[in-house]
Amino acid sequence: MTDCTLLNGATVAFDLDGTLVESAVDVIGAVNAVLIDEGVRPLDYARSRPFVSRGARWLLQSGLAAAGAGDPGDRTSVLFERFINYYAAHIADESKPFPDAIAALKTLRAAGVTLVVCTNKPTALARRLLCELDMIELFADVVGIDAVSASKPAAAHLIEAISAVGGEIRRSIMVGDAEADARCARAAGVPLVLVSFGYTEIPAVELAPDVLLHRFEDLVRACSELLHQASPGEAGGYGGGPCSPAHKLQM
C-alpha cells in the first residue's frame, strides 16, 4: 500500500491537454472548421494528434503551408481569432478526462496535495474546459500562457504556477506529456512525470522522465516515491536514487 505521508503539503503541477484531458478531437476539429471555411484541406486527425502540444497556431500554419499559402504566418494571426471563437463554443464536445485521472486527483487532494494546472493554453480557455468537465474545483489555480512572464518550456511558467498556490519548488512535481513539459521541469529542477498516452512527436520515454506513467491509477504511488527521493536527509537526495532519469520508473 502506498505511504501517502510525504504527500501532505506537496504541490503537483499538471499540464492540461494530453495529460489530464483527451482534447485533441475538439482542438483539431476547431482548427479544421477554420481551414475548411478558408477552402483549405482539413488536417488528418491521426497525423496531427502528436502535434497538438505545439498549439493551435502551429496547427493552423501547418494546414495553410500544406495548401501552399503564400505567407501562412501572417494569415495564421487572422485565423487564430476565428479558431478561438469556434473552439470556445465547442471546447468540450468530445473532450474528456483520461481514465482514472479524476480519481487520482481526488486522492492526491485528500492526502493534502495542492494541485495546479500549468498550461500553454490561455487561462480562460483552460478554466472553461475544466468547468465543462466538472474538474475546476480540484485545482487551487489554473495558470495559463497569459498569466506568466514566460511560457513552457521556460522554467518561469512552472515556478510561477507553484508560487501562485503557495507551494515550494523542493516539494513539487510536474506531470506532463510532451517536450515543453520535460524541458520546463528540468529547467526548474522539479521531478518529472510524463504520461505515455499524450500529445508528443517525441516518444515520452525518450524525454527521460523520472516516472513514465501508463495509467493514472499509479500516479499517487509515483508522486509518493518521487517525494521520498526528494526528502531532506535521504541519502543522495532527489536525482540520486532509483527515480533519477538514469533509472526511470515505468508505471
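Could you tell me whether the stretch 129-143 includes any residue that is farther than 28 Å from residue 89 by Cβ, touching a Pro at 6+ places or on another chain (Cβ under 7 Å) and touching a residue at least 12 places away in the same chain (Cβ under 8 Å)? No: the stretch 129-143 contains no residue that is farther than 28 Å from residue 89 by Cβ, touching a Pro at 6+ places or on another chain (Cβ under 7 Å) and touching a residue at least 12 places away in the same chain (Cβ under 8 Å). In the stretch 102-130, of all residues being in a helix (DSSP H, G or I) and among the β-branched types (Val, Ile, Thr), the one that is surrounded by the most Cβ atoms within 10 Å (Cβ to Cβ) corresponds to 107. Could you please find all residues in the stretch 168-189 being surrounded by fewer than 24 Cβ atoms within 10 Å (Cβ to Cβ) and part of a loop (DSSP other than H, G, I, E, B)? Answer for the stretch 168-189, where residues must be surrounded by fewer than 24 Cβ atoms within 10 Å (Cβ to Cβ) and part of a loop (DSSP other than H, G, I, E, B): 168, 189. The set of residues in the stretch 16-32 that are of a type outside the set (Asp, Glu) and either in contact with an Asp or Glu (Cβ under 6 Å, 6 or more places away or on another chain) or assigned to a helix (DSSP H, G or I) (or both) comprises 18, 19, 23, 24, 25, 27, 28, 29, 30, 31, 32. The residues of the stretch 190-222 include none that are part of a helix (DSSP H, G or I), among the β-branched types (Val, Ile, Thr) and surrounded by 24 or more Cβ atoms within 10 Å (Cβ to Cβ). Mind listing whichever residues of the stretch 171-208 are among the acidic types (Asp, Glu), in contact with a Phe, Trp or Tyr (Cβ under 9 Å, 6 or more places away or on another chain) and over 20 Å from residue 100 (Cβ atoms)? Answer for the stretch 171-208, where residues must be among the acidic types (Asp, Glu), in contact with a Phe, Trp or Tyr (Cβ under 9 Å, 6 or more places away or on another chain) and over 20 Å from residue 100 (Cβ atoms): just 201. Restricting the stretch 29-66 to residues that are surrounded by fewer than 19 Cβ atoms within 10 Å (Cβ to Cβ) and of a type in the set (A, V, I, L, M, F, W, C) leaves a set whose member that is nearest to residue 179 (Cα to Cα) is 51. Looking only at the stretch 38-82, residues that are modelled with pLDDT of 95 or more and acidic (Asp, Glu) come to 1 in all.
The values are calculated or read from the model by the stated rules, or taken from the named source; none is laboratory data. Remember, predicted model here, so these are calculated numbers, not experimental data. Cβ: placed from backbone, ideal geometry, glycine included. Neighbour counts: every protein chain shown.
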